[in-house]
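The values are calculated or read from the model by the stated rules, or taken from the named source; none is laboratory data. Quantities reported herein were computed from a predicted structural model and do not represent experimental measurements. With ideal geometry, Cβ positions are generated from the backbone for all residues, glycine too; neighbour counts draw on all protein chains shown. When the accessible area is computed, the model is the full protein with side chains, heavy atoms only, and any ligands, DNA or RNA have been set aside. Shrake-Rupley method; radii C 1.70, N 1.55, O 1.52, S 1.80 Å.
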Amino acid sequence: MGLNSTQEEAERGILLTTVDKVTRWAQKSSVWPATFGLACCAIEMMSVTSSRYDIAQFGSEAFRASPRQADLMIVAGRVSQKMAPVLRTIWEQMPEPKWVISMGACASSGGVFDNYAIIQGVDHVVPVDVYVPGCPPTPDALLFGVLKLREKIQQGIPPKYQQLAAQGGSSS
Ligand code: SF4
């Protein structure tokens with residue numbers, strides 16, 4: 001279809017798109033997080049569901065109690081050695097495609113807990129798609145992370161674990 005006919009269709013109010021674009025739009029507009037918090041960052045994460053921050057405007061207010069109904073894991077807080085296998089199991093139980101946001105300094109790098117009990121970055125346990133800096137990150141910062149994730153989904157950028165698999169690496 002030429003440019004002229006595309007313009008004509010637009011002028012007549014006809015929307016042209018592809019199934020792929022619509023699928024990505026639907027996907028990014030209904031990312032459901034798992035109900036999963038580890039430490040102080042989780043309090044900030046809970047705030048995004050309030051009317052003040054309103055994560056519902058992005059279709060992501062439905063924090064699911066079952067990982068089988070969630071496609072986003074927000075790692076909110078430090079990850080202890082003991083919790084790491086539990087976190088990994090929850091991530092494995094989530095259906096594909098699925099994404100991970102590492103929220104805060106502790107989840108991303110161990111933060112101030114530079115010791116043997118804390119995992120020094122949750123990317124040692126699960127593949128991370130978006131990192132949100134701060135201690136704690138504000139609810140706005142987490143929302144910005146969600147927006148970045150939505151951008152990636154809309155652009156068709158595959159989740160990190162799929163990128164690693166394509167490179168022949170492991171999923172963590
Ligand atoms: S980054 Fe700060 S607020 Fe978040 S879990 Fe660590 S110490 Fe707590």
(request) Per residue of the range 119-133, in order, report the coupling 6.51 cos²θ - 1.76 cosθ + 1.60 (Karplus, θ = phi - 60°) as ³J(HN,Hα) in whole Hz, putting x for Gly and Pro. (result) 5, 8, x, 5, 5, 6, 10, 9, x, 9, 8, 9, 9, 10, x
(message) Compute a Gaussian network model of the chain, connecting alpha carbons closer than 10 Å, and tell me which residue from D123, D114, D140 fluctuates the most.
(response) D114
(request) Enter the Cα centre distance for the pair the range 23-37 and the range 58-85, rounded to the nearest angstrom. (result) 12 Å
(request) Sticking with the crude label model, points 7 Å out along Cα→Cβ, report the distance from R12 to A56 in nm, one decimal please. (result) 3.9 nm
(message) Let me cross-check E151: its accessible surface, 1.4 Å probe, with only protein heavy atoms counted, in Å² to the nearest 10?
(response) 90 Å²
(request) Give the carbon-plus-sulfur fraction of the accessible surface of the range 29-166 in %, rounded to a whole number; probe 1.4 Å, heavy atoms of protein chains only. (result) 57 percent
(message) How big is the dipole moment of the range 1-106 about its Cα centre under a simple scheme where the beta carbon of each Lys and Arg is +1, that of each Asp and Glu is -1, and everything else is neutral? Debye, nearest 20, please.
(response) 520 debye
(request) Per DSSP H run of at least 4 residues, take -39500 (n - 2.57); add these up for the chain, divide by its residues and hand me the 222 nm value, nearest 500 deg cm²/dmol. (result) -11000 deg cm²/dmol
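Based on the Cα gyration tensor of the range 1-142, what are the three equivalent ellipsoid semi-axes, each the root of five times an eigenvalue, rounded to whole Å and given largest first? Can you show the working numbers first?
Values: eigenvalues 264, 53, 40 Å².
Equivalent-ellipsoid dimensions as semi-axes: 36, 16, 14 Å.
Leaving ligands, DNA and RNA out of it, rank K98, K28, K82, K152 by accessible area with a 1.4 Å probe, largest first. Present the calculation step by step, with values, prior to reporting the outcome.
Values: K98 10, K28 40, K82 175, K152 65 Å².
Descending order: K82, K152, K28, K98.
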(request) Extending each Cα 7 Å along its Cβ direction at A165 and I43, get the distance between those two points in nm, one decimal. (result) 3.9 nm
(request) Mind telling me which of Q120, Q57, Q162 comes out most flexible in a GNM of the chain, alpha-carbon contacts under 10 Å? (result) Q57
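Find out how many positive minus negative residues lie around V132, taking Lys and Arg as positive, Asp and Glu as negative, among other residues whose Cβ is under 13 Å from that of V132. Intermediate results must be reported in sequence, preceding the final value.
Values: positive: K148; negative: E44, D129, D140.
Cβ neighbours under 13 Å give a net charge of -2.
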